[in-house]
Each structure stands twice: as C-alpha cells, then as structure tokens.
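Undergrad: One structure is given below, represented as structure tokens, and several questions about it will come after.
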Amino acid sequence: MSSLFIMRHGEAAPGFPDSKRLLTPQGEHEVAMMAQWLAARLAKGEFFSPVLYASPYARAQQTARIVAEALGCSLSTLDFITPEDDPAKVSDWLLTQPDSTPIMLVSHMPLVGNLTELLVEGRAGQGLGFATAGIAELEADVWAAGCAQLMRYMSPRQLA
C-alpha cells in the first residue's frame, strides 16, 4: 500500500493577487504544530519520509517549507495543485508516481477536499472540509477514483 498526505496551507492573510497571499502568524503557528506532530510520528517509524510537493502559491510554499524543515525532506513545486485545479488531473499524476515512497501534497481548498473525496469516494462533489493546516492521510494500492482509504484526518485544533 502507498501513503498520501494531503495538507491544506495554514491560515493566510487576505490580499490580492491570491497567489501572493502569505501566512498569518496564526497560520505559521498552526503549520509548526502540524509539522512537529508529523516529525514525532516520523521519528517513531509510523511512516517513511515523504516526497513533498506544494502549490506555487506563496502560502502553500511557506507551509511546505516549514514541513520540509521539520521532516528533513526536499520540496518540489507542482503547478497543477492550485485552488481551482482539477482533482482528476492530480489523480492521474499520482498514478504515474512510484509506489515505494509516501507523497505529501500541500495545496488549497477546494482542491484538497475535492481530491480527497475523489480518491476515497470516487467522485469530486462538494469535497471534504479541511481546516487550515489540516492533513488527510490516505492509503491505496492504486491512486484511482474510489480506491483510497482515509486513514486519519488531523487538524491543529485536535493537537491544541
């Protein structure tokens, strides 16, 4: 089975253009909490270090850098995981990735919710609601629509 972590960026300040919005201090705190939680799980051997990908938007890049530092992993950017991108395109991309290494995607609503719903339920409708800095952990033999199992969802509020 392969693992996929889908994370929404931390709380971001309002602004324009949307792609340039930055994390608020609260958003940085949320992300740091989640990164520490992931690092503790990694240290216990609960999962292997993931390959980390983020949306090119500033708030997702900030979030991913905090996570990458905590987990000691590299960060790459995927241009097709921005807020309004097609979850089916992400699912198709996941099918081309090697099975051996966990993948972590840092992105935005509504994509994170729609992608999770597509992979678990087989359809992208209203999507799963994600708190800022929330993480869904999925497992699957194949990353096709309806083939994944939601193993866990964690948000900063659950850690507080």
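All of the numbers you see were taken from the coordinates with simple rules; none came from a lab. Quick caveat: nothing in here was measured; it's all calculated off a predicted structure. Note that each Cβ is placed from the backbone with ideal geometry, even for glycine, and that neighbours are counted across all protein chains shown.
Undergrad: So how do 109, 104 line up by other beta-carbon neighbours within 10 Å, fewest first? Mind dumping the intermediate values first?
TA: Working: 109 17, 104 25.
Lowest count first: 109, 104.
Undergrad: So, one more: Indicate, rounded to the nearest 5 percent, the antiparallel portion of the DSSP beta bridges found entirely in the chain.
TA: 50
Undergrad: Could you pull out every residue, at least 5 positions away or on a different chain, whose amide H is within less than 5 Å of the one on residue 21? Hs are placed 1.01 Å off N in the peptide plane, and Pro or chain starts have none.
TA: 58, 59
Undergrad: Another one. Semi-axes, largest first, in whole Å: what does sqrt of 5 times each Cα gyration tensor eigenvalue give for segment 104-150?
TA: The equivalent ellipsoid of segment 104-150 has semi-axes of 17, 12, 8 Å.
Undergrad: Could you tell me the distance between the Cα centroids of segment 84-160 and segment 25-40, to the nearest Å?
TA: What the calculation gives is 19 Å, centre to centre.
Undergrad: Follow-up question, since we're still on this one. Counting other beta carbons within 10 Å of each residue's own, what order do 2, 100 fall into, fewest first?
TA: Ordered by Cβ neighbours within 10 Å, fewest first: 100, 2.
Undergrad: Name the helices (complete DSSP H segments) of the chain with a Cα length along the long axis of 24 Å or more and a Kyte-Doolittle mean of at least -1.0, or state none.
TA: Length and hydropathy pass: 25-43.
Undergrad: Here's another thing I want to ask about it. With the Cα gyration tensor of the chain in hand, convert its eigenvalues to equivalent ellipsoid semi-axes via √(5λ) and list them largest first in whole Å.
TA: Square roots of five times the eigenvalues give 22, 19, 14 Å.
Undergrad: Right, next: Quick check on the exposure proxy: order 57, 153 from fewest to most C-beta atoms within 10 angstrom.
TA: The order, fewest Cβ neighbours first, is 153, 57.
Undergrad: So, one more: Tell me, what is the percent relative contact order of segment 2-159, built from C-alpha pairs under 8 Å that lie six or more residues apart?
TA: 30
Undergrad: Provide the gained length on full extension for the span residue 19 to residue 76, in nm with one decimal, where the gain is 0.36 nm per separating residue minus the Cα-Cα distance.
TA: Between residue 19 and residue 76, full extension yields an extra 18.8 nm.
Undergrad: Sticking with this one: Cβ neighbours within 10 Å, averaged per peptide: list 90-99, 6-15, 134-143 in order, most packed at the top.
TA: Descending packing order for the listed peptides: 6-15, 134-143, 90-99.
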